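Worksheet: one structure, shown below.
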Amino acid sequence: MRKIIVLEFMTLDGVMQAPGGPEEDPTESFEFGGWQAPYMGDDVMGDVNDEELKQPVEYLLGRKTFDIFADYWPKHAEFWPQINDNMKYVLSTTMKESGWKNTTFITGVEDIKKLKETDGPDLQVWGSSKLVHLLLENDLVDEMRIMTFPLILGKGKKMFADGAAPAALTLIDSKVGSSGAIVAWYKRAGDVKTGTIGV
């Protein structure tokens, strides 16, 4: 069985929209595109990100993120060869084919579950807010690797939404960069436990 690993760049208030630039995803009049750029000099965050780009994985992407990636990464293959050379599974109910090599389209949760049950490399999810919500609603996320940056935007697409399946997680590792950004690795750890706090 493959693991589904969600990787995200996120603000303190959970915004994950358009970290890379103003034109990346301006939907809903989002005005803070490129909010991650001032933190790119953080060596710790850079090293962590570089290591993730080298992982021997395949990719599970939402349609919006796929469109952004397909426009950019074939022209910049030297920075992330795996995203071009490895298989990309794209969730879409309307798109059936693409000129970007190694791309397969899937249509829903059942396809994702079947894919997860197959033999093969783990599946990384980058961006893809709607897909992440769907995965969390159906308890299909095995690990999360979240880079949280020290700013609040107040609006934008969020990583977490109402409707996620309750889940406990364990912190595997964490690092703090010179910019104050924090990267944390989590894995699923069973059901949520509750109790009473008292003296």
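The values are calculated or read from the model by the stated rules, or taken from the named source; none is laboratory data. Every value quoted in this text rests on a predicted model; they were computed, and no experiment measured them. Ideal geometry is used to build each Cβ from the backbone, glycine not excepted, and the neighbour counts take in all protein chains shown. The area values use the complete protein model at the heavy-atom level, side chains included, leaving out ligands, DNA and RNA. Shrake-Rupley method; radii C 1.70, N 1.55, O 1.52, S 1.80 Å.
With label points built 7 Å along Cα→Cβ from the Cα atoms of A167 and L153, find their separation and express it in nm. The modelled label-to-label distance comes out at 2.2 nm. For the chain, leaving out every one of the chymotrypsin sites (Phe, Trp or Tyr not before Pro) that falls in a DSSP loop and has at most 15 other Cβ atoms within 10 Å, the longest unbroken run is 80-159.
Per the Kirkwood definition applied to all pairs of different Cα atoms, how many angstroms is the hydrodynamic radius of region 11-102? The Cα-based Kirkwood calculation yields 14.8 Å.
Once you order the gyration tensor axes a ≥ b ≥ c over the Cα atoms, which shape class does region 1-46 get: rounded for a/c under 1.5, otherwise prolate or oblate by comparing a/b with b/c? Judged from the Cα gyration tensor, region 1-46 comes out oblate (a/c at least 1.5, b/c at or above a/b). Between amide H atoms placed 1.01 Å from N, distances below 5 Å from L169 occur with A189, all of them 5 or more places distant or on a separate chain.
Accessible area per residue (1.4 Å probe, heavy atoms of protein chains only) ranks E51, E58, E28 as E28, E51, E58, with the largest value leading. Across region 96-145 the C-alpha pair distances fall into 10 Å bins from zero in the proportions 20, 56, 24, 0 percent. For region 83-173, the spread of Cα positions along the three principal axes, ordered from largest to smallest, is 38, 28, 26 Å. According to the calculation over all Cα-Cα pairs in the chain, the P(r) per 10 Å bin from zero is 8, 33, 39, 16, 2, 1, 0 %. Computed from the C-beta positions of A189 and D119 and an R0 of 22 Å, the FRET efficiency is 0.35 to the nearest 0.05.
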